[in-house]
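To start, the structure itself, in structure tokens.
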Amino acid sequence: MLDLLAVAAHGAAEEHAEATAFGIAPGGYVALAMLVVFGIMLYAKVPALVARMLDAKIADIRGQLDEAARLRDEAAALKAEYEAKAREADAEIAALKAGAERQAAEIVAKAKTDAAALIERHHAMAEAKIAGAERAAVAEIRERAATAASVAAETLIAARHDAKADKALVDGAIAGI
């Protein structure tokens, strides 16, 4: 410990000498080893191999991008096709709806005219039945009136004309011939 104090008191420590082999320090050997590794890599064409691998990876990525672009274009075409079909379907639906509404209006109009014609026919039939009933009633009344008149005339004639009046009428008729 005294030696350390003595060294500290003198203010300088003793320097160590670095070991060397063939005049090359350990750092030189590390640099030399690195140069050898780089040389072997160049001799084995590692940069070309790495470049080929990177080119293959780039080509693969480019192919994937091209495939994605092709799929996107197909999807856009399909979308446009389905949008066109949807527009056509909407137009067809509108046309069908308009046709159905027009047909419904025609059916309603025909039903109204048919109902009016049916009412008119029923009205005419009812008037014909009423007229027939009136004619039958008038005929019946006339028949009853005729029957009643003949009965009344027979009764009157029987009451006012006796055999003597009949003889005078017959004699007058014969004399007129």
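Rule-based calculations on the coordinates, nothing more; no lab input. What you see is a predicted model, and the numbers here were worked out from it, not measured in a lab. Positions of Cβ are generated from backbone atoms using ideal geometry, with glycine treated the same way; all protein chains shown enter the neighbour counts.
Cross-link partners for residue 45 among the aspartates and glutamates, with Cα-Cα distance under 16 Å and sequence neighbours closer than 8 places in the same chain left out: 55. Comparing 132, 63, 23 in a Gaussian network model of the chain, where Cα atoms under 10 Å apart are tied by springs, the biggest mean-square fluctuation is seen for 23. In loop segments of region 22-75 as defined by DSSP, the chymotrypsin sites (Phe, Trp or Tyr not before Pro) with at most 14 further C-beta atoms inside 10 Å of their C-beta are 22. Other residues with beta-carbon under 14 Å from the beta-carbon of residue 126 carry, at +1 per Lys or Arg and -1 per Asp or Glu, a net charge of -1.
Computed from the mean reciprocal separation of all distinct C-alpha pairs, what Kirkwood hydrodynamic radius does region 57-177 have, in Å? Here the Kirkwood hydrodynamic radius works out to 25.3 Å.
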